[in-house]
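Trainee: This is the structure I have questions about; it appears just below.
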Amino acid sequence: MEVTINGAAHEVPDGTTVAQAVQRLTEQTTGVAVAVNDEVVTRGTWATTALADRDRIEILTAVQGG
Amino acid sequence: MDELIIAGEKFSSRLIMGTGGAPSLEVLDQALVASGTELTTVAMRRLDPAARGSVLDVLRERRIKVLPNTAGCFTAGEAVLTARLAREALGTAWVKLEVINDERTLLPDPIETFDAAERLVAEGFVVLPYIGDDPALARRLEQAGCAAVMPLGAPIGSGLGIRNPHNIELIVESASVPVILDAGIGTASDAALAMELGCDAVLLATAVTRAQRPDQMASAMRLAVQAGRLARQAGRIPRRRYAEASSPMTP
């Protein structure tokens, strides 16, 4: 299936979890937050939340600003 | 210096720093230390796998409380989602709510800001909204449960100082939450003026991070905020049209 991670298309196996999507970008788990289709997925449920075809995953962290 | 209290939390520094615009994390680190700040903003952005070092490491090392902002949001919906993500990533319910109207002026959108503030307060966030120098909006946001109000002095990064000191005074007069002058500070006298007008704190970034010597400007801002606060509390003399002799007039 195809999902979008931070704006880029990714082909991933069925059953891919949020945790696995995060691991494609970073090993980091603290200081990072994830939204799937504009809903926050809390860190404790990353490993048990499966993605669906066409999901939009946003993986954010803090940067210099403000 | 008397303490600044926001949402029950005490700060001995009345200078809140932003982290935007610094050429490197090392320069930022030195400026933050020189500023004496205890509360500093960060933005939330897509994770860049190539990025090395994090502003969060600097803040953690210096024991500075992190204040995530919603910079870059144009709608209440975007701002609420960004605040939720910041809470998840950083473990803080504090948020500097910033919803801009257009990219040229970066002026805050009052309608979207108010909408987002109501929703975030209802979700238990400690909301510090960035707003224009509008006394009516400041009052409405306080009534909506915001922990502070943050009127601008001038557009973000403009360094134009405080364009409407009268409105800032009006906001201060009627507010019972802290008033934090946010945006527009260009140099130390602007920060001192904000405090003399009765603001409880000053938030600035560009004036320090893009100064030729950021750490030195950070020290200047720290002293200016302290001087302005002291002057405000000391009570300035009234302005007079003509001279008033300070020496006896008879020989």
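The values are calculated or read from the model by the stated rules, or taken from the named source; none is laboratory data. In this text, all values refer to a predicted model and were calculated from it rather than measured experimentally. Neighbour counts run over all protein chains shown; Cβ positions are idealised from the backbone, glycine included. Remember, those area values only see protein heavy atoms, side chains included, never the ligands or the DNA or RNA. Shrake-Rupley method; radii C 1.70, N 1.55, O 1.52, S 1.80 Å.
Trainee: If a residue has to be in contact with a strand residue (DSSP E or B) (Cβ under 7 Å, 6 or more places away or on another chain), assigned to a loop (DSSP other than H, G, I, E, B) and closer than 23 Å to B:Q212 by Cα to count, how many in the range B:1-37 make the cut?
Mentor: Here the count works out to 6.
Trainee: Name every residue in the range B:108-149 that is touching a helix residue (DSSP H, G or I) at 6+ places or on another chain (Cβ under 9 Å), open to solvent by less than 10 Å² (accessible area, probe 1.4 Å) and not in a loop (DSSP other than H, G, I, E, B), in order of residue number.
Mentor: Matches in the range B:108-149: B:T113, B:A116, B:A117, B:L120, B:V127, B:P129, B:Y130, B:I131, B:A138, B:L141, B:V149.
Trainee: While we're looking at this one, here's another question. Go through B:A224, B:A234 for me and flag whichever is surrounded by fewer than 22 Cβ atoms within 10 Å (Cβ to Cβ), over 17 Å from B:T41 (Cβ atoms) and at pLDDT 95 or above. Give the derivation first.
Mentor: Values: B:A224 fails: surrounded by fewer than 22 Cβ atoms within 10 Å (Cβ to Cβ).
Of the residues listed, the single one that is surrounded by fewer than 22 Cβ atoms within 10 Å (Cβ to Cβ), over 17 Å from B:T41 (Cβ atoms) and at pLDDT 95 or above is B:A234.
Trainee: Tell me yes or no: at least one residue of the range A:43-64 is part of a loop (DSSP other than H, G, I, E, B), within 13 Å of chain B (Cβ to nearest Cβ), out of contact with any Phe, Trp or Tyr (no Cβ under 7 Å at 6 or more places or on another chain) and under 25 Å from B:A93 (Cα atoms). Before the answer, list the steps.
Mentor: Here is the first cut: in the range A:43-64, the residues part of a loop (DSSP other than H, G, I, E, B) are A:49, A:51-55.
Narrowing further to those that are within 13 Å of chain B (Cβ to nearest Cβ): none.
Checked the range A:43-64: no residue is part of a loop (DSSP other than H, G, I, E, B), within 13 Å of chain B (Cβ to nearest Cβ), out of contact with any Phe, Trp or Tyr (no Cβ under 7 Å at 6 or more places or on another chain) and under 25 Å from B:A93 (Cα atoms).
Trainee: Please specify each residue of the range A:2-28 satisfying the condition of being more than 8 Å from chain B (Cβ to nearest Cβ), within 11 Å of the chain's Cα centre (by Cα) and in a loop (DSSP other than H, G, I, E, B).
Mentor: Answer for the range A:2-28, where residues must be more than 8 Å from chain B (Cβ to nearest Cβ), within 11 Å of the chain's Cα centre (by Cα) and in a loop (DSSP other than H, G, I, E, B): A:T16, A:R24.
Here's the yes/no breakdown for (1) out of contact with any His (no Cβ under 7 Å at 6 or more places or on another chain); (2) facing chain A (nearest Cβ under 8 Å); (3) under 20 Å from B:K96 (Cα atoms); (4) at pLDDT below 95:
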| site | (1), (2), (3), (4) |
| --- | --- |
| B:R14 | yes, no, yes, no |
| B:T40 | yes, no, yes, no |
| B:P49 | yes, yes, no, yes |
| B:L67 | yes, yes, yes, no |
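Trainee: Would you pick out the residues in the range B:53-70 that are surrounded by fewer than 24 Cβ atoms within 10 Å (Cβ to Cβ) and assigned to a loop (DSSP other than H, G, I, E, B)?
Mentor: Listed by number, the residues that qualify are B:G53, B:S54, B:R62, B:R63, B:I64.
Trainee: While we're on this one: Does B:G184 count as farther than 20 Å from B:G235 by Cα, out of contact with any Asp or Glu (no Cβ under 6 Å at 6 or more places or on another chain) and either part of a helix (DSSP H, G or I) or in contact (Cβ under 8 Å) with a residue 12 or more places away in the chain (or both)?
Mentor: On the way: farther than 20 Å from B:G235 by Cα: yes; out of contact with any Asp or Glu (no Cβ under 6 Å at 6 or more places or on another chain): yes; either part of a helix (DSSP H, G or I) or in contact (Cβ under 8 Å) with a residue 12 or more places away in the chain (or both): yes.
Answer is yes for this residue.
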